[in-house]
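Working notes, beginning with the structure itself.
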Amino acid sequence: MGYTALYRKFRPTTFSELVGQEHITRTLKNQIIADRVGHAYLFNGGRGTGKTSSAKILARAINCLSPKDGEPCNECEICKGAINGSLTDIVEMDAASNNSVEDIRSIREEVNFLPTKAKYRVYIIDEVHMLSTGAFNALLKTLEEPPEHVKFILATTEPQKLPATILSRCQRFDFKRISNDDIIKRLKIVCKESDIETTDGALNIIAVLSEGAMRDALSILERCIQDGENKIDEDKIRDLVGIPKITFVHSITEAIIEYDIDKALESISEILNQGKDLDNFLWEIIKYVKDILIYKSSGKVDLYSDEEISNIKKISDKVTKEKLVNLIYELSNIENDMKWSTQKSIMFEAGMIKLCSNEIGSGNNIEERLEKIENYLKSGKVSMQQVVSNPVMQNANNSSVTRVIANENDNKTIQVSAPAVRTSNNNAKSYSSDLNKSWPKIVNDLKQNGKIVLYTNLINTKAEQINDKTVEIKFQRGITAFGKAVLEKQENVKEISNLVSMACGKDMQIKYISDVQNQVVKHNPEDDIQKLALDSDIPFNVIE
């Protein structure tokens with residue numbers, strides 16, 4: 001007999017063997033015992049959480065000749081035929097590759113025939129969200145009033161893609177993400193039966209990497225024994241899946257906290273020379289900083305050795321909670337920049353250098369930029385009474401630099417306030433799924449986050465989602481040449497795209513549309529002020 005993958009070899013055969021879904025198995029067993037099995041079920045949940053396994057067990061249990069406490073016996077003729085695939089009364093269909101109207105029509109024709117051996121003819125439709133609109137419509141009537149000898153079990157990872165008419169005809173069961181403890185318990189059983197030697201630390205890493213999916217955990221475990229040695233430790237797993245050793249993660253995190261650029265670059269160089277995946281490395285750094293924050297807040301952290309916890313304590317003593325929270329957001333921004341870039345290593349190194357530099361936003365730089373603005377304003381080019389103020393929300397530890405500048409020519413006063421540390425947009429906002437409603441809030445959040453030049457150019461605009469990938473931003477009053485230049489800058493396009501994507505719940509592209517055709521926009525002195533603000537990298541607002 002050929003080799004069988006671990007996740008297939010150890011697929012649960014009874015409800016009691018399912019991991020982490022007791023709230024579902026208990027209900028299904030009670031329905032079987034009471035003979036109150038529904039005609040249509042919808043199993044929803046993430047990958048590898050037991051949806052298909054539960055469907056197979058349920059199909060056997062309702063047809064089993066000798067069921068016990070709602071469980072299939074797996075020994076009778078029906079159960080054995082279902083397990084080896086010879087029983088034609090249990091039909092498994094993958095909707096990802098059989099999603100046409102014709103596929104569903106064939107089911108509609110078959111349901112009229114009685115089962116050959118079993119009590120019920122059961123249809124298990126996996127990835128049901130992949131069915132076409134026509135296929136859903138063809139399934140509706142049969143799903144609502146199937147013959148008494150027919151049962152449907154639908155499985156999906158994306159129930160939001162199913163029509164409401166389908167959802168209302170099914171009993172829905174939501175499968176939870178499996179906890180790390182439950183995954184580790186199951187892995188220990190698999191390792192014992194497969195004669196695999198492993199450490200607790202290695203099982204912890206596998207559980208974390210699987211992200212709540214039992215199938216993924218078994219696949220990672222299997223990959224670790226493909227070299228012929230049934231011994232697994234932490235370093236072996238890290239090498240196989242491309243995760244850097246914790247010493248590198250600790251080293252670069254410590255370098256960021258201590259503003260040690262040389263130390264950070266040395267660690268990055270070693271990681272690149274080893275050919276490690278930068279996305280995984282950055283994910284490990286973010287997770288490590290998160291764990292430091294948890295340790296600083298609660299004094300507890302899981303999945304680390306005593307020596308590693310000691311290193312975490314040393315870092316936590318050097319940094320504030322606010323710094324750690326901001327660092328997580330900054331690292332997430334680097335992750336997003338890498339996602340959009342074809343030069344990941346360059347974006348990664350540049351981001352790390354920026355985080356390690358304690359000269360960013362220093363007082364001397366602000367003094368130079370304020371001096372530049374002061375000289376411009378004193379040149380007499382301002383032709384209207386203006387108040388320029390910085391609305392950037394300051395952290396409690398940040399100070400600000402403020403000057404009052406008198407313009408002798410026009411006898412006007414202009415106030416300029418600049419932050420000592422420039423804050424970044426954390427994108428930690430929640431928006432309505434209706435883009436028309438959330439757009440004004442998005443524009444206002446740009447102002448609150450210090451993106452004043454963007455904010456002033458997006459006032460009185462409207463946003464509309466025109467398809468699954470694109471959002472149009474309409475300028476009802478037209479757009480100036482300077483405004484167009486600002487909005488088309490790569491970092492500004494990315495900023496707006498990120499916020500729009502958050503509102504829409506998926507990655508979106510933006511497109512600028514002007515409602516004023518062949519517009520002629522006269523030069524406005526305010527544009528000079530805004531351009532100076534942009535060039536000086538100091539956000540400020542112009543109020544007439």
Taking 0.36 nm per intervening residue step and subtracting the Cα-Cα distance, what contour gain separates TRP283 from ILE309 on full extension?
7.5 nm
Tell me the chymotrypsin sites (Phe, Trp or Tyr not before Pro) within the range 70-135 that lie in a loop according to DSSP and have at most 16 other beta-carbon atoms within 10 Å.
PHE113
Do any GluC sites (Glu not before Pro) in the range 136-219 lie in a DSSP loop with no more than 16 other beta carbon atoms within 10 Å, and if so, which?
GLU148, GLU211
Percent of accessible area on the range 176-307 owned by carbon and sulfur, 1.4 Å probe?
44 percent
Could you list, bin by bin from short to long, the percent of Cα-Cα pairs of the range 183-318 in 5 Å steps?
2, 9, 19, 20, 18, 15, 10, 5, 2, 0
Obtain the nm distance between the two label points defined at SER357 and ASP468 by a simple spin-label model: each point lies 7 Å from its Cα along the Cα-to-C-beta direction.
4.1 nm
Output the relative contact order of the range 173-232, whole-number percent, from Cα pairs under 8 angstrom with separation of 6+ residues.
41 percent
Computed label-point distance, nm, for sites THR4 and LEU65 using a 7 Å Cα→Cβ extension
2.2 nm
What shape does the range 1-110 take by its C-alpha gyration tensor, where a ≥ b ≥ c are the square roots of the eigenvalues and a/c under 1.5 counts as rounded, a/b above b/c as prolate, and the rest as oblate?
rounded
Accessible-area composition of the range 1-72, carbon plus sulfur, in percent [1.4 Å probe]:
48 percent
Report GLU307's accessible area, 1.4 Å probe, all protein chains in place, as a number in Å² to the nearest 10.
140 Å²
Of all DSSP beta bridges located in the range 60-167, what percent are antiparallel, nearest 5?
10 percent
Any chance you could run the full-extension gain for LYS339 through GLU77? It's 0.36 nm times the residue separation minus the Cα-Cα distance, nm to one decimal.
89.0 nm
Between LEU42 and residues 5 or more places away or on another chain, which pairs have amide H atoms under 5 Å apart, with H built 1.01 Å from N, and which residues are they?
LEU154, GLN171, ARG172, PHE173
For SER194 and LYS494, compute 0.36 nm times the residue count separating them, minus their Cα-Cα distance, and round to one decimal in nm.
103.1 nm
Base-10 log of normalised Debye intensity for the range 5-61 (one unit scatterer per alpha-carbon) at q = 0.14, 0.31 Å⁻¹:
-0.37, -1.58
Residue-normalised value, i.e. accessible area per residue, for the range 1-111 at 1.4 Å probe, in Å², stands at 50 Å²
Using r as the Cβ-Cβ distance of THR320 and ASP262, and R0 as 25 Å, what FRET efficiency do you calculate, to the nearest 0.05?
0.55
Quick one: accessible area per residue over the range 184-249, 1.4 Å probe, rounded to a whole number of Å²?
47 Å²
For a label point 7 Å along the Cα-to-beta-carbon line of SER433, residues of the range 478-513 with backbone N under 19 Å
499-509
In what order, largest first, do CYS224, CYS170 sit by accessible area if the probe radius is 1.4 Å?
CYS170, CYS224
Once Lys and Arg are counted +1 and Asp and Glu -1 for all other residues with Cβ under 14 Å from that of LEU272, the total becomes -3
Counting only protein heavy atoms and rolling a 1.4 Å probe, one gets per residue an accessible area for the range 261-349 in Å² of 55 Å²
For HIS250, HIS39, give me the order by solvent-accessible area with a 1.4 Å probe, most accessible first, ignoring ligands, DNA and RNA.
HIS39, HIS250
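The values are calculated or read from the model by the stated rules, or taken from the named source; none is laboratory data. The structure displayed is predicted, hence computed values, not measured ones. Note that we place each Cβ from the backbone using ideal geometry, even for glycine, and neighbour counts take in every protein chain shown. Keep in mind that these areas ignore ligands, DNA and RNA; they rest on the heavy atoms of the full protein, side chains included. Shrake-Rupley method; radii C 1.70, N 1.55, O 1.52, S 1.80 Å.
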